[in-house]
Structure formats: C-alpha cells, structure tokens
Amino acid sequence: MNTPKVFESEYRFCLILWENEPIKSSKLVELCKEQLGWKPTTTYTVIKRLSERGVLKNENTVVTSLVSKDEVQAAEINEMVEKTFEGSLPAFIAAFTKHQKISQKEIDEVQHMIDRYRKGE
C-alpha cells in the first residue's frame, strides 16, 4: 500500500494527532488553535481531507491515525530521494554529508544500521 501524501501544514496537524490519539475532534480543534493558530473550520477541513485520503479516520467524533509518523516520514524521504537524486541513496547521502556536519556518534549509528541491514535484520 502506498502511503498517502501529507503536506507540510497537514504534517504539523498529524504531529498533534499522533501525540494525542485517539482524540475527540473537539479537543483536536482546541489543540490546533493553541499550537497552530487555526480556526475550527480549518481543523475540520483538514480532518475531512486527511480522512478522504486515508491518513486518518473520524468515527463518532473520535479521530485516530491510519498512517504512522514513520510511514509518512519514510514516504517523504523516498519521494525526495527519487525526485531530487534520481533514486540514488548514495547521491543523497553524499549531498547531505557535504553540507551537514555529522558527529562520530551519528556515523557509528548509521554504520550500525547498515550492518544490521546486511545481516537481514
């Protein structure tokens, strides 16, 4: 299954949802007003739009996600690597490390991930 696209403002909304779910839509409206400065109509519009796209469900005014934060992040990274680096993970990593200082600890963590991947974990 392809992960539905979640745009920037929707992602900020989803961060609130993921942290508080399951949540009554009225409480979600309050949180979005506090944290995002949204009007109630904006929140209800986003709930409806994300529900139609299969990102969340709103049953009996209780909102829960159907797509996890990890899935949305992975889909976004995959799309960016495909579009910007012609699908080349090494090109992405080369560009990232060229302009971003990474610590020895981060290098070790990435190496550990690669080692686990090679072992099929």
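Bear in mind that the values in this text are calculations on the coordinates, not laboratory data. Predicted model only: the values in this text are computed from it and were never measured. With ideal geometry, Cβ positions are generated from the backbone for all residues, glycine too; neighbour counts draw on all protein chains shown.
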> What residue, of Ser68, Ser25, Ser88, is surrounded by fewer than 13 Cβ atoms within 10 Å (Cβ to Cβ) and without any contact (Cβ under 8 Å) to a residue 60 or more places away in the chain?
Replying inline: Ser68
> What do you reckon, is Val62 surrounded by 14 or more Cβ atoms within 10 Å (Cβ to Cβ) and in contact (Cβ under 8 Å) with a residue 60 or more places away in the chain?
Replying inline: no
> Could you list, in sequence order, the residues of the range 32-49 that are surrounded by fewer than 18 Cβ atoms within 10 Å (Cβ to Cβ) and either in contact with a Cys (Cβ under 8 Å, 6 or more places away or on another chain) or not charged (D, E, K, R) (or both)?
Replying inline: Gln35, Leu36, Gly37, Pro40, Thr41, Thr42, Tyr44, Thr45
> Got a number for residues in the range 1-18 being touching a residue at least 40 places away in the same chain (Cβ under 8 Å) and assigned to a loop (DSSP other than H, G, I, E, B)?
Replying inline: 5
> Pro40 fails exactly one of the following numbered conditions: (1) more than 26 Å from Phe92 (Cα to Cα); (2) in contact (Cβ under 8 Å) with a residue 12 or more places away in the chain. What is the number of that condition?
Replying inline: (2)
